[in-house]
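A short worksheet on the structure shown next.
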Amino acid sequence: MSTAKSLLFSLRSFLGPALGIICFLYTIIILITGLWPFNFMPVNKVEWLINERGIRFYGPGMVFNANPNPLTAPKTVSRSAQISIEIFLRPEREPNSSLPSILTLYGCDQKDQFMLGQWKSELIIRVPTIKDESHKRYREISVSDSLRKETTNLITISSGYETTNVFIDGSLKKQFSQYVLIRAKEKPSGCLILGNSPEGTAPWYGSIFGLAIYDHMLSSRKVLEHYHAWQQGGDRLLSAEQKPIALYLFHERGGQRIQDSSSSRNNLLMPATFHPLRRTFLGFPERNQWFSRWNLIDVGINILGFVPYGFVLATWLVSRKTIPFPRAYGISLLLGFGISLFIELTQAYLPMRDSSLLDLVDNVLGTAIGAMLAQYTLPIFQNVTGGRGLSS
């Protein structure tokens, strides 16, 4: 009997401090997991192609305007609400769990003008909604089978006052009526970003061999002529009658600056380190992404990751015999909220992470579930340790 009592006493003496140590270690694990990789100056994952003109995006990275002034047409240009984009590219993947951004143009007011992205082999084009469509953030169109993996194509998007035409390799692929990239009385101006979103959370994988932007619509004949010009490197576009307002031939093959070959001097910068141009604090996923597979997986991971924390924390607090369970439950929720909020706010300053309100809610929910589970296991724990019953 003396041996049994001695073992019981040793167990009582060990479990309380052990729970405290486990709680502390789990807190450290949560912080490391939530903030990893803790790098404020990651490599900008964009590189020059070796054997041909172009740049390759192979991870989180971006290319953007080098000048303080945003992309704009020469002052002599009077056209508005028209834009054409030619982008010669080759995707490396067909993403199905996110929407990588190939090209984004957003204004100095920090609002997107439009975005070109990729979903599987589809080209996705998004423009912000107008005020009477406030229940949606974007109007979206898509062109199927236009961005196949490891396939090089010239994508031409020509948008006017009422219509947007999409061409693949000089041939009309699809026409969209009542859909425009530039609103009436506006000009194609703003901050140009390649390979990612302004927030740096939508990296695209692939190569871009050439890019031209025009302040007018291109006819089908011009689109075909330009396709043949791009097949020969794109230099002939400089002698065209209607020149682009921005032209990138990527002939530098090195360095951090990408020269605009047009007369507008809209040079691009490819920095050595990756820094998003716009950060979001406690962002929330778009409504159409709530029930997507990748978002549901992320929700499950964030909830399950905090269940053990809430369980161990509540158990440890009650085992100290000075805190009743309702108070221990409240303290557990408060600490779970505080740690998660610290992680999400810190992530807003980490280029490789993004700050999410949904993650904060999920973490607190996981803490609550873990603490509730502790309520049903505490009687067993206290019978072993000889402690009192749960306080109400």
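The values are calculated or read from the model by the stated rules, or taken from the named source; none is laboratory data. Please read these numbers as outputs of a predicted model, since none were measured by experiment. So basically every Cβ, Gly included, is an ideal-geometry build from the backbone, and we count neighbours across all protein chains shown.
Quick one: which of TYR309, TYR329 is within 29 Å of ILE21 (Cα to Cα), touching a residue at least 24 places away in the same chain (Cβ under 8 Å), touching a Cys at 6+ places or on another chain (Cβ under 9 Å) and surrounded by 14 or more Cβ atoms within 10 Å (Cβ to Cβ)? Answer to the selection: TYR309.
Checked against the criteria, ASN383 does not count as surrounded by fewer than 18 Cβ atoms within 10 Å (Cβ to Cβ), under 28 Å from LEU277 (Cβ atoms) and at pLDDT below 85. Restricting attention to region 231-259, the residues being under 25 Å from MET217 (Cα atoms), under 30 Å from the mean Cα position of the chain (by Cα) and among the polar types (S, T, N, Q) number 1.
Checking each residue in region 116-137 for being of a type in the set (A, V, I, L, M), at pLDDT below 95 and part of a strand (DSSP E or B) picks out only VAL127. The numbered conditions (1) more than 24 Å from the chain's Cα centre (by Cα); (2) buried (at least 16 other Cβ atoms within 10 Å of the Cβ) are all true for SER263 except (2).
Quick check on this structure: which one of ARG265, ARG257, ARG221 is assigned by TED's automatic domain parsing to the domain that holds GLY200 and free of Cβ contacts under 8 Å to residues at least 24 places away in the same chain? On inspection, the qualifying residue turns out to be ARG221. Here the condition is being in a helix (DSSP H, G or I) and either surrounded by 15 or more Cβ atoms within 10 Å (Cβ to Cβ) or at pLDDT 90 or above (or both); of ILE28, ILE21, it holds for ILE28 alone. Does PHE342 satisfy being out of contact with any helix residue (DSSP H, G or I) (no Cβ under 7 Å at 6 or more places or on another chain), modelled with pLDDT of 85 or more and assigned by TED's automatic domain parsing to the domain that holds CYS23? It is true that PHE342 is out of contact with any helix residue (DSSP H, G or I) (no Cβ under 7 Å at 6 or more places or on another chain), modelled with pLDDT of 85 or more and assigned by TED's automatic domain parsing to the domain that holds CYS23. Contact map, region 35-49: residues that are farther than 18 Å from ARG353 by Cα paired with residues that are among the polar types (S, T, N, Q), Cβ distance under 8 Å, separation 6+ or inter-chain. Pairs shown: LEU49/SER207.
Restricting region 53-79 to residues that are polar (S, T, N, Q) and modelled with pLDDT of 65 or more, the residue that is surrounded by the fewest Cβ atoms within 10 Å (Cβ to Cβ) is ASN67. Kindly indicate whether ARG236 is over 16 Å from PHE88 (Cα atoms) and among the charged types (D, E, K, R). For ARG236, the condition - over 16 Å from PHE88 (Cα atoms) and among the charged types (D, E, K, R) - is not met.
Kindly list the number of the only condition in (1) over 20 Å from GLU122 (Cβ atoms); (2) at pLDDT below 95 that fails for GLY210. Result: GLY210 fails condition (2) only.
Restrict the check to region 193-216 and report whether at least one residue is part of a loop (DSSP other than H, G, I, E, B), buried (at least 18 other Cβ atoms within 10 Å of the Cβ) and in contact with a helix residue (DSSP H, G or I) (Cβ under 9 Å, 6 or more places away or on another chain). The answer is no, given that none of the residues of region 193-216 is part of a loop (DSSP other than H, G, I, E, B), buried (at least 18 other Cβ atoms within 10 Å of the Cβ) and in contact with a helix residue (DSSP H, G or I) (Cβ under 9 Å, 6 or more places away or on another chain).
Take region 138-171 and flag every residue that is small (Gly, Ala, Ser), crowded, with 16+ Cβ neighbours inside 10 Å, within 27 Å of the chain's Cα centre (by Cα) and not in a strand (DSSP E or B). SER146, the sole residue that qualifies. With respect to being modelled with pLDDT of 95 or more and of a type in the set (D, E, K, R), ARG93 fits the description. For region 248-292, residues that are assigned to a loop (DSSP other than H, G, I, E, B) and under 23 Å from GLU140 (Cβ atoms) total 10.
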